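Take a look at the structure set out below.
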Amino acid sequence: MPVQQWLKSLDDADRKAIGEDIRLVQFGWPLGMPLVRKMETHLWEIRSRLKRRRIARVLFTVEGNKMVLLHGFIKKSQKIPRTDLNLARERRNLWQSRRI
């Protein structure tokens with residue numbers, strides 16, 4: 001739900017661009033660069049280019065045939081902020097603990 005709420009907060013063009021990238025990954029999995037980059041075990045990022053030279057990231061995990069969107073944000077620096085990465089890790093761990 002947090003990623004869905006974040007997407008709803010974006011304008012239509014950005015939401016559409018990110019949604020198309022998510023759909024490409026969902027139906028074409030596994031994919032690699034430049035659209036998808038592995039961050040660590042069970043954690044990947046979707047790399048979306050938006051208007052006004054902005055970049056969005058959606059961090060996700062895969063469980064069997066399910067793609068679980070963990071966290072989305074607009075990237076403002078070269079490196080992914082530690083807080084965003086940690087939040088995705090926490091959500092991934094929570095998701096995995098509920099699956100056991």
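Read the figures in this text as sums done on the coordinates, not as results from a lab. Keep in mind the model is a prediction, meaning the values are calculated, not measured. Neighbour counts run over all protein chains shown; Cβ positions are idealised from the backbone, glycine included.
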* Close Lys-Lys pairs in the chain, where close means Cα under 19 Å and separation is 8 or more or interchain -> 10
* Only loop residues by DSSP count here, and only those with at most 11 other Cβ atoms within 10 Å; note down the trypsin sites (Lys or Arg not before Pro) in the range 7-84 that meet that. => Lys76, Lys79
* Over the chain, what is the mean sequence separation of C-alpha contacts under 8 Å (at least six apart), divided by residue count, expressed as relative contact order in percent? -> 20
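Which value in deg cm²/dmol, rounded to the nearest 500, describes the helix-derived mean residue ellipticity at 222 nm for the chain, given -39,500 (n - 2.57) per DSSP H run of n ≥ 4 and division by the residue count? The partial results should precede the final answer.
Details: 3 runs with 42 residues, N = 100.
Helices in the chain give a 222 nm mean residue ellipticity of -13500 deg cm²/dmol.
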* Which whole-Hz couplings ³J(HN,Hα) result when phi for each residue of the range 65-77 is put into the Karplus expression 6.51 cos²θ - 1.76 cosθ + 1.60, θ = phi - 60°, listed in order with x for Gly and Pro? -> 9, 10, 9, 10, 7, 9, 6, x, 6, 8, 7, 10, 9
* At 7 Å along the Cα-to-beta-carbon direction for both Ile55 and Arg37, put a label point, then send me their distance in nm to one decimal. => 0.6
* In nm, spacing of pseudo-spin labels at Arg47 and Lys76 (7 Å Cα→C-beta vector) -> 2.2
